[in-house]
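Report on the structure given below.
The values are calculated or read from the model by the stated rules, or taken from the named source; none is laboratory data. This one's a predicted model, so the numbers in the text were calculated from it and none came from an experiment. Counting neighbours? That spans all protein chains shown, and the Cβs are built from the backbone with ideal geometry, glycine included. The accessibility values were calculated without ligands, DNA or RNA, using every heavy atom of the protein model including side chains. Shrake-Rupley method; radii C 1.70, N 1.55, O 1.52, S 1.80 Å.
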Amino acid sequence: MAQTTNDIKNGSVLNLDGQLWTVLKFQHVKPGKGPAFVRTTIKNVLSGKIVDKTFNAGMKVDFETVDNRTLQYSYEDGDNFVFMDMETYDQIFIPKELVGDKAKFLLEGTDCVVSFHDGTPLNVDLPGSIVLTVTHTEPGLQGNRSNAGTKPATVETGAEIQVPLFINEGDRVKVNTEDGSYTGREN
């Protein structure tokens, strides 16, 4: 549906040259001289590439309708991850490429937000952080400070993260799903 750049909001999905872009930030600018414009930071829905783009105010742009649904991760099946819609109990198969590197933090029963356009899944967003159990780590030696007091640890999903020296096997840790960093210990 064609609207103008004056209708742009955070989270809007635009169709630019046949590609879908999500608006992360926008700013309407009305300089003292010259015409008004809209400065945006947009993210390609499929590739994840982030770019800055400026539009003239009042310019026509195509907005797309994207359906965001909360689905629960169930299991891995070949080249797909299987998610369940908790309202209809439908199983939805999502290609592994769509989840990407975030897959190493997928734990059964995790609620994720999946974006759909015309029934096709576009993007899978995990929660900002997830609590995982440490399955393997070396004992921390208090005298070893050459690596800023951290050591590698493997969590229950198989991902390897850096944790403080006091973390032991069996501890539950909070992990940032964006960058895989340790954010705290869970009781």
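A few remarks follow.
- Checking Thr110 against (1) among the polar types (S, T, N, Q); (2) at pLDDT 90 or above; (3) over 28 Å from Tyr89 (Cα atoms), the condition it does not meet: (3)
- Residues of the range 161-173 include none that is assigned to a strand (DSSP E or B), in contact (Cβ under 8 Å) with a residue 40 or more places away in the chain and under 30 Å from Leu14 (Cβ atoms).
- Of the strands (runs of 3 or more DSSP E) lying entirely inside the range 67-139, those containing at least 3 residues that are touching an Asp or Glu at 6+ places or on another chain (Cβ under 8 Å) and either open to solvent by 50 Å² or more (accessible area, probe 1.4 Å) or of a type outside the set (Lys, Arg) (or both) span 67-77, 91-95, 111-117, 129-137.
- Taking the listed residues Gln72, Gln91, the one that is in contact (Cβ under 8 Å) with a residue 40 or more places away in the chain and not β-branched (Val, Ile, Thr) is Gln72, with no other qualifying.
- Among the strands (runs of 3 or more DSSP E) confined to the range 1-59, the ones with at least 2 residues that are among the basic types (Lys, Arg) and surrounded by 13 or more Cβ atoms within 10 Å (Cβ to Cβ) are located at 37-44.
- Only a single item in (1) hydrophobic (A, V, I, L, M, F, W, C); (2) at pLDDT 90 or above; (3) within 19 Å of the chain's Cα centre (by Cα) is not met by Val66, and it is number (2).
- Extreme residue, surrounded by the most Cβ atoms within 10 Å (Cβ to Cβ), among residues of the range 165-183 that are at pLDDT 90 or above and in contact with a Lys or Arg (Cβ under 9 Å, 6 or more places away or on another chain): Val173
- Residues of the range 94-120 satisfying the condition of being of a type in the set (Asp, Glu) and either in contact (Cβ under 8 Å) with a residue 40 or more places away in the chain or more than 28 Å from Asn15 (Cβ to Cβ) (or both): Glu108, Asp111
- Single unsatisfied condition, Val99 versus (1) modelled with pLDDT of 90 or more; (2) out of contact with any Gly (no Cβ under 7 Å at 6 or more places or on another chain): (1)
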